[in-house]
1. Here are some conditions: (1) modelled with pLDDT of 85 or more; (2) in contact with a Cys (Cβ under 8 Å, 6 or more places away or on another chain); (3) not aromatic (F, W, Y). E40 meets all but one. Which one does it not meet?
2. Name the pairs: first residue in segment 56-81 and outside the structural domain of L92 (by TED's automatic domain parsing), second residue modelled with pLDDT under 75 and surrounded by fewer than 10 Cβ atoms within 10 Å (Cβ to Cβ), Cβ to Cβ under 6 Å, at least 6 apart or on different chains?
3. Exactly one of these conditions fails for D20: (1) more than 16 Å from the chain's Cα centre (by Cα); (2) in a helix (DSSP H, G or I). Give me its number.
4. For segment 54-82, which residues satisfy the criterion of being in a helix (DSSP H, G or I) and modelled with pLDDT of 80 or more?
5. Restricting the search to segment 19-33, which residues are more than 16 Å from W45 (Cβ to Cβ) and surrounded by 17 or more Cβ atoms within 10 Å (Cβ to Cβ)?
6. Pairs, please: C-beta under 7 Å, at least 6 apart or cross-chain, first residue closer than 19 Å to S7 by Cα and in segment 29-50, second modelled with pLDDT of 90 or more and in a helix (DSSP H, G or I)?
Amino acid sequence: DDVLSLSELGQAFGPVKVQDLLGFHDLDEDGTISLAEFAEVFSFWAGTEHAVLKDTPKKFHKFQLEDMHGDFNIEDLPKKITDECLKRAQKLEASRQVTGAERTEL
């Protein structure tokens with residue numbers, strides 16, 4: 001029927017994750033996730049991940065791929081790497097504000 005219901009989500013991901021999934025994917029807040037909603041959110045998220053990887057210097061890619069699982073935070077990295085990541089992110093954000101780079105929102 002092109003819709004993921006609460007019970008289907010619960011069977012697939014467990015009852016704890018259902019509310020997280022609905023909160024993220026259920027754009028019209030009808031208690032289900034339609035195929036269209038899933039596709040829209042998935043494409044938005046995939047684009048976000050692509051942009052993050054593109055903006056991340058290659059020397060940091062290994063940390064993204066190895067360490068960003070579960071409850072990972074940037075603070076979990078060594079301080080030297082954290083400081084450099086934050087400095088680069090602030091510089092990138094400042095350059096985007098100056099150029100008026102578009103921001104996308106779902």
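1. (2)
2. Listed pairs, sorted by first residue: none to list.
3. Going through the list (1) more than 16 Å from the chain's Cα centre (by Cα); (2) in a helix (DSSP H, G or I), D20 breaks only (1).
4. Within segment 54-82, K54, D55, K58, K79, K80, I81, T82 meet the criteria.
5. From segment 19-33, those more than 16 Å from W45 (Cβ to Cβ) are 19, 28-32; that's our starting set.
Across segment 19-33, the qualifying residue is only T32.
6. I33/H25; E37/H25; F38/H25
The values are calculated or read from the model by the stated rules, or taken from the named source; none is laboratory data. Keep in mind that this is a model prediction, so the values were computed, not measured. Every residue, glycine as well, gets a Cβ built from its backbone with ideal geometry; the counts of neighbours run over all protein chains shown.
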